[in-house]
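Working notes, beginning with the structure itself.
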Amino acid sequence: MDDLERGDRHAHNVRHGHHANRRAGSGLRAWGALAIIIIIIVIALALVYLFGGRAIAVNAPYIGRVTGHGALYSIEGGDYFISAAGNYVGGDAYIHMTQLPFFLNSMLNITLVPNTLIKVNYAGSFASVGFKLIMANRTGETVEIDPLPPSLQVTPDSQDIRYVNYSLLGSIAAPSSSGSPSGQVGSAPGTGSATSSSTSTVGTTTSVGAGNLTLQRIDSVLANDQFYPLMLDFNSLYSNSTGCTPSLYNATYIKHYSHAPSGTESYYNVSSVTPYALLERISGSGSSYTVEFVAMAKGAQFNNTAAMSIVVDTSTGAIKSDTTEGIFAGETYSGLQGSYTQSASVGNACAALIG
């Protein structure tokens, strides 16, 4: 065989090998794509199996228990998987939040502060949901979830949001502030485009969007209303009642009244009508707004009913009306103040039920 013939055969073999490698590469890519599709289907089926395809619709302030197992929630048009992510006794707690499909989206780790609404935007410039920690222990967290319409243009609490770069199809980098690594603590999604002003406090600068300014005006008017701080006190009293147990209730009742509770005064009856929270709900437009304190209770009688309504005018700074209703129907300010003082004097988690 001469050198020319050997060269032709070598060239043929090289070309044949390249074609084979390309076919093998195409096959691997096809199998990889198929594997991803199978994984997606498996996860979708798992979600249906675990949650029945049902999400808890949060169309108004909602109080629920968030555990490590998590649950699906429908908030402002999006479906989210929310789960507890640990807590410190007597301090802050943490939740994880991921928009579905979670294999395409990053996870948020959100710091919750007791009795403080933490405003969160999963996407976009303004917050779409707020979380308020009511109580936390080793089994989970009791959390108030508030839908925030984008029209309010509420600036999110970016300092309390950490991006966890996790997704099944690879790490998805979250926007970051200057000098911060992508995916670490930094700006929330899209906050760079928000139109805002700044108000200075000692040592910090807080970004305030248009909706926040409206809320500030409402708060400034409420500061002149005698009922408003009293409602906040009642909310704190009611929130503490989640730690009241039948045994503690009975022991406290006996100490307070010198006899055991019975009939309508039994733990079962009293705990069903006593609120475990007063949710603050704001509605209105222009310069007229109604601030309602809505009772949340185990029993149907007062659950999700307004206990107090305050109508304010942000243009004049006037309180237009104060109305006690529901569980507070017919009560005067002095009467409510007396009831609160008597209950608070009990001094434990059953104060709201005993006083």
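How many of the residues in segment 244-284 are touching a residue at least 60 places away in the same chain (Cβ under 8 Å), under 23 Å from A300 (Cβ atoms) and assigned to a helix (DSSP H, G or I)?
Within segment 244-284, residues that are touching a residue at least 60 places away in the same chain (Cβ under 8 Å), under 23 Å from A300 (Cβ atoms) and assigned to a helix (DSSP H, G or I) number 4.
For every residue, the table says whether it meets (1) among the aromatic types (F, W, Y); (2) surrounded by 17 or more Cβ atoms within 10 Å (Cβ to Cβ); (3) modelled with pLDDT under 75.
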site: V89; (1), (2), (3): no, no, yes
site: N121; (1), (2), (3): no, yes, no
site: F131; (1), (2), (3): yes, yes, no
site: P150; (1), (2), (3): no, no, no
site: A173; (1), (2), (3): no, no, yes
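Considering (1) more than 19 Å from E141 (Cα to Cα); (2) exposed (fewer than 14 other Cβ atoms within 10 Å of the Cβ); (3) at pLDDT 80 or above; (4) not hydrophobic (A, V, I, L, M, F, W, C), say which one Q99 fails and leave the rest.
Only one criterion is unmet by Q99, namely (2).
In segment 212-227, is there at least one residue being touching a residue at least 40 places away in the same chain (Cβ under 8 Å), small (G, A, S) and under 27 Å from N59 (Cβ atoms)? Walk me through how you get there before you give the answer.
First, pick out the residues of segment 212-227 that are touching a residue at least 40 places away in the same chain (Cβ under 8 Å): 212, 214-215, 217-218, 220-222, 224-227.
Filter again for small (G, A, S), leaving 220.
After this cut, where a residue has to be under 27 Å from N59 (Cβ atoms) as well, the list is none.
No, that holds for no residue.
In this structure, is T290 on the phi < 0 side of the Ramachandran plot and either more than 25 Å from the chain's Cα centre (by Cα) or outside any strand (DSSP E or B) (or both)?
Answer is no for this residue.
Return the residues of segment 341-355 that are hydrophobic (A, V, I, L, M, F, W, C) and in a helix (DSSP H, G or I); say none if nothing qualifies.
Correct list: A344, A351, A352, L353, I354.
The values are calculated or read from the model by the stated rules, or taken from the named source; none is laboratory data. Only a predicted model underlies this, so the values are computations on that prediction, with no experimental measurement involved. Here Cβ is always computed from backbone atoms with ideal geometry, including for glycine, and neighbour counts include all displayed protein chains.
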